[in-house]
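*Asks:* The structure is given below, and queries will be raised subsequently.
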Amino acid sequence: MKRIIIFSILISVSCSLFPSSPDWILNREKQFPYEKYISSTGEGSTRDSAKNHALAGLASYFEQRIEASVKSISSFESQNESFIKREGMVQTVTAASAVNLFLVQYTDFYFNKRDKNWYICAYIDRDEVWKIICQKLDLCISFCEQCEKSEGVEKDPFKKIILLKKQIAAIDESQQIYYMALSVHSELCEKYTGLFKKKNELKQKLMKLKQENVVFIFVKNDCPGEIKAKLQLIMGHEGFLCVQKGALYVLEVQMNLNEGCFKGIYSCEPQISVILRGPSGIISSFSAVIERLSAYNEETLRKLYICELEKLLDERFLSELF
């Protein structure tokens, strides 16, 4: 009898908190069973706040980074010819990760008149997401197999390096998708485990090739030598050995400053082109133009264009050359 009374009280409390509330609030597991869905309920004083909390809950399942910040707000309202200060706190929740959630669905919003909060449930269908994950990972496997096949018949070591880097980059891009796959259907991920175990093997092979094939850097119109030094630094960090003679590969760099002077103001529009040559001819190339720069003296202008060229090389050189 006591159990019946307690159960009745619990039902009464639930009904008072959520009058006419949808099933996913009272029993989310029943509507979104764990083996089929990943779900999270969010609440907040606004619809956006509730939705962000629900999405943050999904994010935490995939081990994403969740950031919450609280700020105080003040406002003044006119009342009876006087101003009354209103104060409150606003919480902002954001979720961030290398994994981009997709196929996220939402229930309708529900507003609870008792606590004056909005509620919503965000959910992901495991089977639907798994289909997309499989497509993405299968594409990565297919791409790596094509690169591996091309690398097997390629004779030029530097072209082999480019093919190896493409495989590693493709695996890196798919890494977070694989982590998502483990969260969605870990029991089905064995098919893709080998792809990511292969990454270390590819890296070791790549490093060996880099050390065996040295590069000579030749920069035309680089009087102080800053651009050559910068390229040597970039190539060195990437694992290449740069030498002054005896190299099979030459990195030819041409710079054109397009300088001018008008009414005491010096300007230039730097252009740079890089060609990588080997025994079999041109392997790859890179070129770029920097927007026109201006200064009141030549030395300041030189520092400006050197700085911009170094920044450009840091951001684009390796990714576009290889």
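The values are calculated or read from the model by the stated rules, or taken from the named source; none is laboratory data. The model shown is predicted, which means the values in this text are computed figures rather than measured ones. Ideal geometry is used to build each Cβ from the backbone, glycine not excepted, and the neighbour counts take in all protein chains shown. When the accessible area is computed, the model is the full protein with side chains, heavy atoms only, and any ligands, DNA or RNA have been set aside. Shrake-Rupley method; radii C 1.70, N 1.55, O 1.52, S 1.80 Å.
*Asks:* Looking only at the stretch 204-220, count every residue that is part of a helix (DSSP H, G or I) and open to solvent by less than 50 Å² (accessible area, probe 1.4 Å) and tell me the total.
*Replies:* 3
*Asks:* Looking for something open to solvent by 50 Å² or more (accessible area, probe 1.4 Å), part of a helix (DSSP H, G or I) and more than 30 Å from residue 124 (Cα to Cα) - is there at least one such residue anywhere in the stretch 188-197?
*Replies:* For the stretch 188-197, residues open to solvent by 50 Å² or more (accessible area, probe 1.4 Å), part of a helix (DSSP H, G or I) and more than 30 Å from residue 124 (Cα to Cα): absent.
*Asks:* Counting only residues that are farther than 28 Å from residue 279 by Cβ and touching a Phe, Trp or Tyr at 6+ places or on another chain (Cβ under 7 Å), how many does the stretch 247-258 have?
*Replies:* Result for the stretch 247-258: 1.
*Asks:* A follow-up question, please. Just give me the residues in the stretch 135-194 being of a type in the set (Lys, Arg) and either more than 19 Å from residue 102 (Cβ to Cβ) or modelled with pLDDT under 90 (or both), in sequence order.
*Replies:* 149, 155, 159, 160, 165, 166, 191 - these are the residues of the stretch 135-194 that are of a type in the set (Lys, Arg) and either more than 19 Å from residue 102 (Cβ to Cβ) or modelled with pLDDT under 90 (or both).
*Asks:* Looking at (1) open to solvent by less than 50 Å² (accessible area, probe 1.4 Å); (2) within 27 Å of residue 249 (Cβ to Cβ), which is the only condition residue 166 fails?
*Replies:* (1)
*Asks:* A follow-up question, please. Residues being open to solvent by 10 Å² or more (accessible area, probe 1.4 Å) and under 25 Å from residue 174 (Cα atoms): count how many of those fall in the stretch 152-162.
*Replies:* Final tally of qualifying residues: 4.
*Asks:* Which condition from (1) among the hydrophobic types (A, V, I, L, M, F, W, C); (2) part of a loop (DSSP other than H, G, I, E, B); (3) surrounded by 14 or more Cβ atoms within 10 Å (Cβ to Cβ) is the one that residue 182 breaks?
*Replies:* Status for residue 182: all satisfied but (2).
*Asks:* Checking the condition in contact with a strand residue (DSSP E or B) (Cβ under 9 Å, 6 or more places away or on another chain) and free of Cβ contacts under 8 Å to residues at least 24 places away in the same chain, which residue from 268, 261, 223, 242 passes?
*Replies:* Step by step, each of 268, 261, 223, 242 is checked, and only 261 is in contact with a strand residue (DSSP E or B) (Cβ under 9 Å, 6 or more places away or on another chain) and free of Cβ contacts under 8 Å to residues at least 24 places away in the same chain.
Condition check ((1) among the charged types (D, E, K, R); (2) within 25 Å of residue 164 (Cβ to Cβ)) across all residues:
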{"site": "192", "(1), (2)": "no, yes"}
{"site": "198", "(1), (2)": "yes, yes"}
{"site": "211", "(1), (2)": "no, yes"}
{"site": "214", "(1), (2)": "no, yes"}
{"site": "219", "(1), (2)": "no, no"}
{"site": "235", "(1), (2)": "no, yes"}
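*Asks:* Where in the stretch 234-322 are the strands (runs of 3 or more DSSP E), entirely inside, with at least 3 residues that are surrounded by fewer than 12 Cβ atoms within 10 Å (Cβ to Cβ)?
*Replies:* Hits in the stretch 234-322: 281-289.
*Asks:* Which ones in the stretch 37-82 are open to solvent by 80 Å² or more (accessible area, probe 1.4 Å), modelled with pLDDT of 85 or more and assigned to a loop (DSSP other than H, G, I, E, B)?
*Replies:* 45
*Asks:* Then there's this: Tell me the residue from 128, 151, 145 that is farther than 30 Å from residue 207 by Cα, acidic (Asp, Glu) and assigned to a helix (DSSP H, G or I), please.
*Replies:* 128 is the lone residue from the list that is farther than 30 Å from residue 207 by Cα, acidic (Asp, Glu) and assigned to a helix (DSSP H, G or I).
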